[in-house]
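One structure below.
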């Protein structure tokens, strides 16, 4: 469904991604693990067209995304939940969802509010009044009502208390049961092992490892070398 | 004395409401595009001249008002999409240079097309005459101007506050990239925002024409005054533009009772004080609406 072939991405003159290859099949949950600054966010931004690759190719559902603007990529069915959530703080919870909603898919605003009872209770509150965990839920909910076929999630557990991380884990597992395709960038190995089928480890802009959950769980050497576990 | 006070306060509201429209436009443009529109004053002047010619051609002040707003807005769209957009990824100084250059070119263009001599116009026949308030008489046109701009400002506020497009606009001011990642073509929205912003300047200018002398440089003083407004209120904020515009209008006109010479200077005293004590303005950093 999503394929990256030899993606090289730069910020100005600094060369961040050095030929990333990566695939996600429909219905799969895949993680992109790595330390801070390894290139996880840049990989997701490259896919979304926010920081377009200078070389290489991103394909989604067989279509090359080269030269497309982020809004066009979004309309093809790629959803993006960014690092730091980027909740619209001046808008209410309901407004955050309303501007994101698009017709023609099962995730209506009502259904999302059923899935996230915490948000339903605060639907008239402004985004800035929400806690970090609620903002993360809203960021995911906002992308769901947008009707994506694949969701890119950037560090959903970052900066959240352990209890909230458990709630995020439960949510990701529920989305997986619903058949939502996910590519999750994370540092939290436990979370990744609990929710995903396959894993990539990125370090200094290069994919250093790929394997199944079973394989990564056993592979202490890889865990130590690239994740500092 | 009371008569003078009331009459100057009304004049203050007239000047103030016109400044509110100019500052709201300036704020919309700054909020969305993060540029200070140095060409705002010249769009104001251009709007005035377009309305002047359209009114002469059609015989209707209101056709002139609407036509000039549309034409000025359209020109704004062309300027944003054609000239500003390629510069967003460059150093911000390029926008400033471009907008300064455009302002000079348009100013000269106005002088070439319409000439340098000052012109005056009258309010439309429907709005001539005075209203007796009991203790003083007020020109009907001034009351109309205050009411018309108040309704227009209210409509803009309702649009921003209650409609989906208003919400998208507020969201785009905060996280433009995120809005784009939801499948919304934010560039088109920004272009429209620039067009609406300069169209509001044209409306503000046109409404003032029966009260002032029209001349090619008339946009300059408005630009400076509206900068004072946004410094006081906080740039990129609707409430700030509303408060700042009324405040500047009232202060200028009430000061004129005591000292007409000082009335244009006093607002800069306030501006200096704000820059020293509250540089973000009264409503700075408190969102768009």
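How many residues does the range A:115-131 hold that are under 24 Å from residue A:194 (Cβ atoms) and either part of a helix (DSSP H, G or I) or in contact with a helix residue (DSSP H, G or I) (Cβ under 6 Å, 6 or more places away or on another chain) (or both)?
Of the residues in that region, 5 qualify.
Against the condition closer than 20 Å to residue A:179 by Cβ and more than 8 Å from every other protein chain (Cβ to nearest Cβ), how does residue A:110 come out, does it pass? Even if it seems obvious, please write down each step before you answer.
Details: closer than 20 Å to residue A:179 by Cβ: yes; more than 8 Å from every other protein chain (Cβ to nearest Cβ): yes.
In short, yes.
Is one or more of the residues making up the range A:203-220 touching a helix residue (DSSP H, G or I) at 6+ places or on another chain (Cβ under 7 Å), within 27 Å of residue A:114 (Cα to Cα) and loosely packed, with under 15 Cβ neighbours inside 10 Å?
no
Inside the range A:84-99, can you point out the residues that are facing chain B (nearest Cβ under 7 Å) and more than 18 Å from residue B:160 (Cβ to Cβ)? Write out each step before concluding.
Here is the first cut: in the range A:84-99, the residues facing chain B (nearest Cβ under 7 Å) are A:86, A:88-91, A:95, A:98-99.
Result: A:86, single match.
Yes/no matrix, rows are residues, columns are (1) surrounded by fewer than 22 Cβ atoms within 10 Å (Cβ to Cβ); (2) closer than 24 Å to residue B:282 by Cα; (3) touching a residue at least 40 places away in the same chain (Cβ under 8 Å):
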| residue | (1), (2), (3) |
| --- | --- |
| B:155 | yes, yes, no |
| B:163 | yes, no, no |
| B:179 | no, no, no |
| B:183 | yes, no, no |
| B:201 | no, yes, yes |
| B:230 | no, yes, yes |
| B:247 | yes, yes, yes |
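Need at least 1 residues that are without any contact (Cβ under 8 Å) to a residue 40 or more places away in the chain per element, so show me which helices (runs of 4 or more DSSP H) inside the range B:1-100 make the cut, counting only ones lying wholly within it.
Ranges flagged: B:40-58, B:61-79.
I need a count of the residues in the range B:109-127 that are under 17 Å from residue B:47 (Cβ atoms) and in a helix (DSSP H, G or I).
Of the residues in the range B:109-127, 5 are under 17 Å from residue B:47 (Cβ atoms) and in a helix (DSSP H, G or I).
Which of the residues belonging to the range A:176-189 are crowded, with 17+ Cβ neighbours inside 10 Å and either under 17 Å from residue A:211 (Cα atoms) or modelled with pLDDT under 90 (or both)?
Across the range A:176-189, the qualifying residues are A:182, A:183, A:184, A:185, A:186, A:187, A:188, A:189.
If we keep just the residues of the range A:63-83 that are assigned to a loop (DSSP other than H, G, I, E, B) and touching a residue at least 60 places away in the same chain (Cβ under 8 Å), which is farthest from the other protein chains (Cβ to nearest Cβ)?
So the residue we want is A:83.
Would you say residue A:84 is surrounded by fewer than 17 Cβ atoms within 10 Å (Cβ to Cβ), out of contact with any strand residue (DSSP E or B) (no Cβ under 9 Å at 6 or more places or on another chain) and within 25 Å of residue A:189 (Cβ to Cβ)?
no
The rows are residues; the columns are (1) assigned to a loop (DSSP other than H, G, I, E, B); (2) over 25 Å from residue A:228 (Cβ atoms); (3) within 14 Å of the chain's Cα centre (by Cα).
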position	(1), (2), (3)
A:10	no, yes, no
A:16	no, no, no
A:20	no, no, no
A:31	no, no, yes
A:38	yes, no, no
A:41	no, no, yes
A:45	no, no, yes
A:52	yes, yes, no
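Given the conditions (1) within 14 Å of another protein chain (Cβ to nearest Cβ); (2) in a strand (DSSP E or B), report the number of the one that residue B:131 does not fulfil.
(1)
Helices (runs of 4 or more DSSP H) wholly in the range A:132-229 with at least 2 residues that are without any contact (Cβ under 8 Å) to a residue 12 or more places away in the chain - which ones? So that I can check it myself, show each step before the final result.
Numbers: elements: A:132-145, A:162-177, A:189-195, A:213-218.
It comes to A:162-177, A:213-218.
Tally up the residues in the range B:110-119 that are touching a residue at least 24 places away in the same chain (Cβ under 8 Å) and under 14 Å from residue B:50 (Cα atoms), please.
Going through the range B:110-119 one residue at a time, the tally reaches 5.
The values are calculated or read from the model by the stated rules, or taken from the named source; none is laboratory data. From a predicted model like this one, the values you see are computed outputs, not experimental measurements. Please note: Cβ atoms are built from the backbone with ideal geometry, for glycine as well, and neighbour counts cover all protein chains shown.
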